[in-house]
Every structure is written in structure tokens, then in C-alpha cells.
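Everything on this sheet refers to the single structure shown next.
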Amino acid sequence: MPAVVVVGGQWGDEGKGRIVDLLARKARVVARYSAGNNAGHTIVNERGEFKLHLVPAGIFYPDKTCLIGNGVAVDPAVLLDEIAQLESRGVDAHRLKVSERAQVVMPWHRLIDRLDEELRGAGAIGTTGKGIGPCFTDKVARRGIRIADLLEPEDLAPRLRAVLDYQNRLITGVYGAEPLEFDACLEEHLAHGRRLRPFVADTQAIVIDALRAGDYVLLEGAQGSLLDLDHGTYEYVTSSVPSSTAGGATLGVGIGPTDVQRAVGVFKSYCTRVGNGPFPTELTGDVGDRLRDHGKEFGRGEYGTTTGRPRRIGWLDTVAARYSVRFNGLSALALTRLDVLEGLPSLKLCTAYEIDGQIVSTLPASASALRRAKPVYEELPGWDAPVSGVRAFDDLPPQAQLYVRRVERLLGVPVDLISVGPEREQAIIVNPIF
Ligand code: GDP
Ligand code: IMO
Ligand code: MG
């Protein structure tokens with residue numbers, strides 16, 4: 001059986017964790033393939049609410065193997081803590097395996113992330129501050145420490161000394177901050193290596209074996225396609241290499257493109273963005289506040305899963321979404337948080353931009369052009385009846401059906417799944433995804 005990729009179609013937080021948790025039912029293996037603990041994936045199931053940063057959303061099924069692929073940046077302390085938290089809530093995390101090729105997020109990455117944002121001042125990216133950008137920078141610069149290195153105590157010391165010497169020159173020389181201490185860093189990471197050893201494996205071999213045995217492999221994307229280094233709203237993007245797009249999924253677990261059968265794009269029924277950068281359909285008034293605070297009394301408003309920052313809110317931008325559909329090669333859409341739109345008198349869909357007097361229907365490459373983009377809207381009627389209890393498309397209010405069909409038409413890909421609440425069963429399966 002082939003692999004299925006689940007990818008975020010917007011600027012992250014589309015509900016990928018929730019969709020993977022639902023689709024994982026049919027998979028044998030669920031693997032994260034990119035990013036690090038800048039991701040925050042919320043899963044609500046019979047055990048309660050969980051916020052996962054590194055562990056794949058398949059972990060709640062006792063018969064699934066969960067993998068952290070070679071493409072992920074792993075902060076060992078965060079991973080060990082996440083494993084401990086899961087176990088303390090009765091979830092067996094021993095079916096989790098971590099690639100020996102995955103990069104390690106080191107203390108200097110977290111420090112440089114913060115110092116670099118300070119240095120950028122008004123031009124700051126608004127990163128999550130988890131050290132992910134600097135970690136991938138070092139990966140590409142061939143200065144990274146990998147999980148395999150943590151398991152080789154003899155080799156770790158000289159490697160760490162050389163790398164830390166370079167990083168300390170950067171920290172003191174460029175950023176004017178205090179250097180990090182070698183001994184404490186070595187000791188900490190030798191300890192991490194000892195604790196992680198039972199989880200470390202050749203994860204690529206596990207994926208290949210599952211595919212050859214005819215089992216489904218679910219590849220869990222992190223972040224959103226519009227945060228991609230190449231196709232996203234550069235420079236307000238994340239630095240994941242491989243990318244969090246569908247194309248990055250094969251590299252991030254070590255399979256070929258012909259092993260992927262389907263790419264499912266997760267889109268919110270509107271848009272959100274955390275961090276800085278252009279956002280043409282952003283809503284700064286009452287409607288935005290209302291969408292952000294929907295469910296806030298239950299801790300379920302639009303506030304970052306990883307940082308707690310309020311998310312910026314906007315109408316669904318189908319120009320950006322269509323671009324994302326195309327460069328990801330999406331074959332199906334999962335539309336989430338449809339319930340959040342209930343009660344609004346009307347809804348808007350952005351179908352084009354006006355930039356310097358010209359109507360354009362593609363996402364401009366330049367951040368400054370995108371900043372000047374004025375959205376061209378199409379207005380649709382809203383609906384009042386709550387939809388969170390609906391389980392069949394035909395039972396949705398006609399206005400909600402119209403909204404979904406219009407989105408589908410504008411994006412050119414079928415909406416196979418509609419999520420109407422954060423819980424596993426709060427979904428409308430329009431067409432089975434696999
Ligand atoms: P991810 O990073 O893409 O996994 O998304 P996050 O977990 O960061 O943010 C999505 C939020 O929306 C979480 O709080 C989910 O529990 C919640 N969520 C997912 N789908 C739905 C839905 O259909 N309706 C509502 N109300 N909440 C949802
Ligand atoms: P999930 O997987 C939303 C954003 C940050 C910032 C930019 C760069 O939960 O959807 P970074 O720390 O990666 O260097 O920050 O990318 N960002 C996310 N936004 N959801 C995420 O992950 C994100 N991961 C990174 O807010 O704008
Ligand atoms: Mg998230």
C-alpha cells in the first residue's frame with residue numbers, strides 16, 4: 001500500500017493533528033517528516049486533550065508504529081518530556097521510534113533564535129523561539145549534531161567541542177552575548193543519548209517494510225505550506241529542510257515519490273497566522289475577535305498551541321489556497337473548524353487581489369507586493385444552526401453546503417472531509433480518503 005501525506009495548506013494550525021488522529025485508524029505507521037517542536041498539534045479523544053509537538057498523532061492507537069523521521073529537528077529534552085507526559089496519562093509511547101539521522105536542537109539554537117529575532121528588531125519573523133531555524137541552518141551548513149552522535153560518547157565530545165567553539169564565536173562576536181559552557185552541554189547530551197537510546201531506530205527501514213507489506217503509512221505534516229522556504233511568504237516563513245510541503249514528505253522519511261498515493265490538504269474554513277508577515281485577508285475588528293474567541297471559555301480559541309500567542313484571523317484566502325493546492329499536488333481537502341463560522345450573517349471568500357490597480361489571481365513572490373494586496377471578496381450567506389453535531393453533508397444547513405461547494409470549486413479539489421469540532425468523531429466523511 002502507498003503512503004498518504006497530510007499537509008497544512010495555509011500558515012499552520014489548520015487542524016492537522018486532529019485530521020491525522022482520525023485518519024490514523026486505517027494506517028499501520030504514522031510518521032512526522034519535517035519541522036520540530038515549533039509545531040503544536042492538538043488531539044482531543046476519549047482520553048482528553050493532548051498537545052503534541054514532536055510525537056506523531058497516531059500515538060493514541062495501541063497498534064500503530066509512530067516515527068519521527070530523519071527530516072525532523074528533535075529537541076531531546078522536549079521529546080523526553082512529551083513521552084513522559086503521555087505515559088503519565090496512560091498512553092504507551094514505546095511504539096515511538098526516532099530516526100538516528102534526525103538533527104538535534106541544541107542549546108545554542110534556542111539562544112540564537114532569540115538573539116537573532118532581537119537583532120532583526122522591527123523586521124523580526126515572530127518565530128516560536130524553539131531554535132528550529134538555527135538548527136536547520138546548521139544542518140545545511142553541515143555543522144549539525146544528529147541523534148546518532150548522541151549515542152557515540154567517544155565521538156560526541158570532540159564534535160561538540162568543535163561545533164560549540166564556532167557557535168560561541170557567533171554568540172559573542174555577532175550577537176554580543178555570553179558564551180555557552182562545554183562541560184554542562186556535553187553532560188546534558190550524553191544523558192539525553194542514554195535516555196533516548198531505546199527509541200532510536202532506522203526509521204526509513206520501518207517505513208519501507210510497511211509499504212512493502214501492503215500497509216498504509218500516514219505522513220504527518222507540520223506547519224503550513226505558506227510557511228515553506230520556497231513557496232511560502234518569504235522571508236516570513238519557517239526554515240524546515242526538508243520542507244513541510246507534500247514534496248518534502250518523501251525526503252523526510254526516506255521514500256521515493258512513487259510511494260506516495262495521495263496528498264490531503266488540511267485547510268481551515270477561514271485563515272489564521274501566528275507570527276509576522278503579510279496576510280491580505282486579515283480581520284482586525286469584531287469579526288476577527290469573534291472567530292478568535294469562539295470556544296475560548298473551554299480553552300479552545302485561536303491561541304497558539306506552542307506559544308499561546310493570539311492567532312491573527314482572516315477570511316479564507318482562495319488565491320493563496322489554490323497556489324498551495326497546486327504546488328502540493330493535493331488530491332483531497334479536509335476542511336476544518338466549519339462550526340466556528342456559525343452565527344455570522346455573511347461570509348467572505350477572497351477570490352483575487354488588487355495590487356497597484358491590477359487584479360491578480362496568483363500569490364505574488366514579493367512580500368511587499370503581498371502587503372499591498374487588497375483582497376477582492378465574494379460574499380456568501382451565513383448560517384445560524386450549530387453544525388458540530390452534523391455527521392452527513394446533506395444535513396448541513398444549505399448555506400454551509402453552499403460555502404463548502406464554493407470553496408471546492410475555487411480550489412479545484414474535492415472536500416473529502418469536513419471537521420465540525422475538535423473531537424475525533426466530529427467529522428463529516430464526504431468521500432473516504434483511504
Ligand atoms: P495543527 O497544528 O494543524 O495540528 O492545529 P492546532 O492543534 O495547532 O490548532 C487547531 C485547533 O483547532 C486545535 O485547538 C484543535 O483542537 C481545533 N480543531 C480542529 N478541528 C476543529 C474543528 O473542526 N472545530 C473546532 N471548533 N476546533 C477544531
Ligand atoms: P503547526 O505544525 C503555526 C511560524 C511561526 C513564525 C514562523 C517561523 O502547529 O501548524 P519558527 O519558529 O518555525 O522559526 O517560526 O513560522 N510557525 C508556525 N505557525 N503553526 C506551526 O506549526 C508553526 N511552525 C512555525 O509562528 O511565524
Ligand atoms: Mg499547531
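Computed from the coordinates by the stated procedures, all read-outs in this text should not be read as laboratory data. Source: prediction; values computed, not measured. Glycine also receives a Cβ, built like all others from the backbone with ideal geometry; neighbour counts cover every protein chain displayed.
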Karplus-derived HN-Hα couplings along the range 370-375 (A = 6.51, B = -1.76, C = 1.60, θ = phi - 60°), whole Hz, x at Gly and Pro: 5, 5, 8, 5, 9, x
State which entries of Lys51/Lys296; Lys268/Lys374; Lys51/Lys130 exceed 18 angstrom in Cα-Cα distance in the structure shown. Lys268/Lys374
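With a 10 Å radius around each residue's Cβ, average the other Cβ atoms per peptide and rank 156-165, 418-427, highest first.
On the way: 156-165: 14.8, 418-427: 20.2.
In decreasing order of mean packing, 156-165, 418-427 become 418-427, 156-165.
Just check the range 331-404 against the gyration tensor rule for me: Cα atoms, a ≥ b ≥ c as the square roots of the eigenvalues, rounded for a/c under 1.5, and otherwise prolate or oblate depending on whether a/b exceeds b/c. Please list the in-between numbers first.
Working: a/c = 3.08, a/b = 2.24, b/c = 1.37.
It is prolate, given that a/c is not under 1.5 and a/b is the larger ratio.
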In the chain, what percentage of the DSSP-assigned beta bridges are antiparallel, given to the nearest 5? 40
Quick one: net charge around Ala73, please, counting Lys, Arg +1 and Asp, Glu -1 for every other residue with C-beta under 11 Å from its C-beta. +2
Could you tell me which residue out of Pro381, Gln85, Leu344 lies farthest along the dipole of the chain toward its positive end? Charges go on the beta carbon: Lys and Arg +1, Asp and Glu -1, centred on the Cα centre. Pro381
Among trypsin sites (Lys or Arg not before Pro) in the range 2-80, those in a DSSP loop whose Cβ has at most 13 other Cβ atoms within 10 Å are Arg47
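Assuming a ≥ b ≥ c are the square roots of the Cα gyration tensor eigenvalues, decide whether the range 26-104 counts as rounded (a/c under 1.5), prolate (otherwise, with a/b larger than b/c) or oblate. Show your work: numbers first, answer last.
Values: a/c = 1.65, a/b = 1.33, b/c = 1.24.
It comes out prolate by the Cα gyration axes.
Where does the charge balance sit around Gly131 when Lys and Arg score +1, Asp and Glu -1, over other residues with C-beta under 11 Å from its C-beta?
Net charge in that neighbourhood comes out at -1.
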If the reach is capped at under 14 angstrom between alpha carbons, list the aspartates and glutamates near Lys16, excluding any in the same chain fewer than eight residues apart. Glu220, Glu423
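Give me the net charge of Phe434's neighbourhood, meaning all other residues with Cβ under 9 Å from the Cβ of Phe434; Lys, Arg count +1, Asp, Glu -1. Intermediate values should be presented prior to the final figure.
Details: positive: Lys26, Arg262; negative: none.
It works out to a net charge of +2.
With a/c under 1.5 counting as rounded, go ahead and sort the range 103-197 into rounded, prolate or oblate using the C-alpha gyration tensor (a ≥ b ≥ c being the square roots of the eigenvalues; past the cut-off, prolate if a/b is larger than b/c, else oblate). Mind dumping the intermediate values first?
On the way: a/c = 2.22, a/b = 1.71, b/c = 1.30.
Prolate, since a/c reaches 1.5 and a/b exceeds b/c.
Quote the charge dipole size of the range 150-285 about the Cα centre in Debye, to the nearest 20; the model charges only the Cβ of Lys and Arg (+1) and of Asp and Glu (-1). Mind dumping the intermediate values first?
On the way: 10 positive and 18 negative charges, 79 e Å.
For the range 150-285, the charge dipole is close to 380 debye.
Just from its helices, what would the mean residue ellipticity at 222 nm be for the chain, if runs of 4 or more DSSP H residues each count -39500 (n - 2.57) and the sum is divided by every residue, rounded to the nearest 500 deg cm²/dmol?
-9500 deg cm²/dmol
Roughly how big is the chain's charge dipole about its Cα centre, with Cβ charges of +1 (Lys, Arg) and -1 (Asp, Glu), in debye to the nearest 20?
In total the dipole reaches around 560 debye.
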